[in-house]
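Okay, structure first, notes after.
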Amino acid sequence: MDIVRFKEDVWGREVLLGVSWDLLWVVVALAFAAIILHLLVMLFVSGEPRPSAAGRHLLRHAAIDRGFHWIMAISVFVLLGTGVLPIVGVDFDWLTIHWVAGLILTAAVVLHIVRSIFWQRPATMWVGMKDLQEPFDASIKPGKYSFAQKGMHHAMSALVLAVIITGLTLFAVIDTPWWERSNALEESTLGWMFLLHGLSTLGLIGLTALHVYFAVRPEKRFYTRSMISGWISEDELKANHDTSKWLPEEST
């Protein structure tokens, strides 16, 4: 199994072409194995009774943040679909859909970063020493975000930024309504861009699969509900969070 692909340029030199898509099946197999392993582990874990969704509703995600999340989520799914389906043999006119979704994702990420810096508290996403102890000590409850949620957020953010940066570089040399295709990048540079774009895509496939799996887990489903409706219950807050670290306002 190859990890990268090469080709010969017009002078007969071997140049990097991009990632080997044999790795796609490795990523799918690893994600599937991780999900099955977690399911098996959870069979032997005696879970506590799940907190009630009744009672006071407390705001976890504002409407604008939920909007950003779902725009970015849909954009990522469209990008993965249009990027991967042609590789596995589904033939359709994918390129325009792909770069439009990429531009939408880029705009949403930029606006999300601006909002996070100026209208929110970035410190809530920092990983401190207490966060590192959290998975090994059940008595330590997180503030708004758990160690696992922060880790998933940071990993997804790194991969999305890699996809965006390499994608915009590749976008600059293809045909668009605003410019014609150019040869501004050397073939070796183009190969590195395709390699990094492909690797970050493979990473996104694996993490997205895990993200969706945990989002539908029964004990985590209230977080998914909060990303749709905005709220969690007071009982869910007390069962899963330290109110001295995070005490949300009542949802209207």
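The values are calculated or read from the model by the stated rules, or taken from the named source; none is laboratory data. Just so we're clear, the structure is a prediction, and the values are computed from it rather than from any experiment. Every residue, glycine as well, gets a Cβ built from its backbone with ideal geometry; the counts of neighbours run over all protein chains shown. Heads up: the accessible areas ignore ligands, DNA and RNA and are worked out on the full protein's heavy atoms, side chains in. Shrake-Rupley method; radii C 1.70, N 1.55, O 1.52, S 1.80 Å.
General remarks:
- Long-range HN-HN contacts of H57 with modeled amide H, under 5 Å: S251
- The largest-to-smallest principal axis extents of the Cα set in the chain are 69, 41, 36 Å.
- Counting Lys and Arg as +1 and Asp and Glu as -1 over every other residue whose Cβ lies under 12 Å from the Cβ of R56, the net charge comes to -4.
- In the context of the full set of protein chains, residues of the chain present 62 Å² of accessible surface per residue (probe radius 1.4 Å, heavy atoms only).
- Spatially near lysine pairs across the chain, Cα under 25 Å, sequence gap of 8 or more or different chains: 18
- Rounded to two decimals, the Cα radius of gyration of segment 95-160 over 2.2 N^0.38 Å is 1.44.
- If you take all other residues with their beta carbon under 14 Å from the beta carbon of L111, and give Lys and Arg +1 and Asp and Glu -1, the sum is +1.
- Across the accessible surface of segment 82-165, with the other protein chains kept in place and a 1.4 Å probe, carbon and sulfur atoms take up 72 percent.
- Highest to lowest packing among 122-133, 238-249, scored as the average C-beta count within 10 Å: 238-249, 122-133
- Within the chain, the selection of entire DSSP H helices by a Cα span of 18 Å or greater along the long axis and an average Kyte-Doolittle value of at least 0.5 returns 23-43, 63-84, 95-118, 147-171, 187-216.
- Expressed in units of 2.2 N^0.38 Å, where N is the residue count, the Cα radius of gyration of segment 131-252 is 1.50.
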